[in-house]
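Trainee: Once you've had a glance at the structure underneath, I'll fire off some questions.
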Amino acid sequence: MPVTKKKRARDFSSFFGMLFFLIVVVSVILSVGNFIRYTQILKKYDELKSYVDAKVTEMKSENERIKELLAPNSLVDKYIAAANYLREFGYDFEKVLVSINDDPTTGYFMVFVTGNESSWFSIKDSQKTYFSGELKPGLSNYRFFYFKEPRIKTNYDIIVPPNATITVGKAGKVYLLVFGVGLRFHPTKVVQLTETTYVNFAEKFSLYIPGSQN
């Protein structure tokens with residue numbers, strides 16, 4: 001009996017020893033696996049951090065460039081100032097062209113509004129509206145060509161058919177200064193618009209149009 005008990009004790013000791021060894025091996029394997037995973041995560045974190053840092057640095061550099069471009073007296077500031085100047089100069093230049101360019105082979109009229117209030121003025125036919133808007137008191141810059149286009153056309157030159165309809169907002173306050181075909185630099189006719197609507201204005205005002213029977 002004592003021998004059997006001793007054998008059983010040795011067997012239990014061997015079992016627990018193997019179990020302990022197995023637990024140690026498994027723990028070591030899990031620790032190594034966790035260490036490898038931790039190393040991989042740390043590597044990905046470093047890569048992500050490097051990427052974010054690079055993007056932040058790039059954005060900071062871009063912001064600095066934008067600040068330099070938008071700063072006073074910067075390239076963009078000079079460009080905007082130059083663009084505004086050229087735009088205003090372009091409008092003034094077109095007014096100059098309107099004043100000096102008067103081709104006697106064309107026929108056109110300008111609009112003069114008397115008094116202190118603006119007047120609505122439109123000219124259209126059944127197909128198209130050629131002009132519609134309020135004109136301030138005084139002589140308008142627009143020229144309405146009813147016979148041939150001008151040799152130099154500006155934004156102030158509007159081509160209209162002679163049979164179009166003219167409508168005004170303030171009858172009696174609006175005059176047409178007609179620069180007829182064949183003469184230069186002064187109106188051949190001044191027409192007061194005492195009505196609000198004029199259909200076929202060329203015929204209504206007996207405007208001379210070469211080739212027509214009027």
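Trainee: Yes or no: the range 55-62 includes at least one residue that is in contact with a Phe, Trp or Tyr (Cβ under 9 Å, 6 or more places away or on another chain) and either modelled with pLDDT under 80 or closer than 29 Å to PHE144 by Cα (or both). Outline the logic, then answer.
Mentor: To start, the set of residues in the range 55-62 that are in contact with a Phe, Trp or Tyr (Cβ under 9 Å, 6 or more places away or on another chain) comprises none.
Within the range 55-62, none of the residues are in contact with a Phe, Trp or Tyr (Cβ under 9 Å, 6 or more places away or on another chain) and either modelled with pLDDT under 80 or closer than 29 Å to PHE144 by Cα (or both).
Trainee: If PHE145 satisfies every condition in (1) in a loop (DSSP other than H, G, I, E, B); (2) modelled with pLDDT of 85 or more; (3) under 11 Å from TYR108 (Cα atoms) but one, which is the exception?
Mentor: The failed condition is (1).
Trainee: Kindly indicate whether GLU203 is at pLDDT 90 or above and not in a strand (DSSP E or B).
Mentor: Working: at pLDDT 90 or above: yes; not in a strand (DSSP E or B): yes.
So GLU203 passes the test.
Trainee: Sticking with this one: Kindly indicate the residue of the range 161-181 that is closer than 13 Å to TYR208 by Cα and in contact with a Gly (Cβ under 6 Å, 6 or more places away or on another chain) and also modelled with the lowest pLDDT among those meeting that condition.
Mentor: VAL181
Trainee: Identify, please: which residue in the range 111-142 is assigned to a strand (DSSP E or B) and among the aromatic types (Phe, Trp, Tyr) and is, among those, modelled with the lowest pLDDT? Walk me through how you get there before you give the answer.
Mentor: Going residue by residue through the range 111-142, those that are assigned to a strand (DSSP E or B) are 111-113, 119-124, 129-135, 138-139.
Within this subset, residues satisfying the condition of being among the aromatic types (Phe, Trp, Tyr) are 112, 120-121, 130-131.
Numbers: PHE112: 92, TRP120: 95, PHE121: 96, TYR130: 96, PHE131: 96.
Among residues in the range 111-142 that are assigned to a strand (DSSP E or B) and among the aromatic types (Phe, Trp, Tyr), the one modelled with the lowest pLDDT is PHE112.
Trainee: Which condition from (1) over 17 Å from GLY115 (Cβ atoms); (2) under 27 Å from the mean Cα position of the chain (by Cα); (3) exposed (fewer than 14 other Cβ atoms within 10 Å of the Cβ) is the one that ASP157 breaks?
Mentor: The failed condition is (3).
The values are calculated or read from the model by the stated rules, or taken from the named source; none is laboratory data. Note that the structure is predicted; figures quoted are calculated from it, not measured. In this analysis, Cβ positions are derived from the backbone assuming ideal geometry, glycine residues included, and neighbour counts consider all displayed protein chains.
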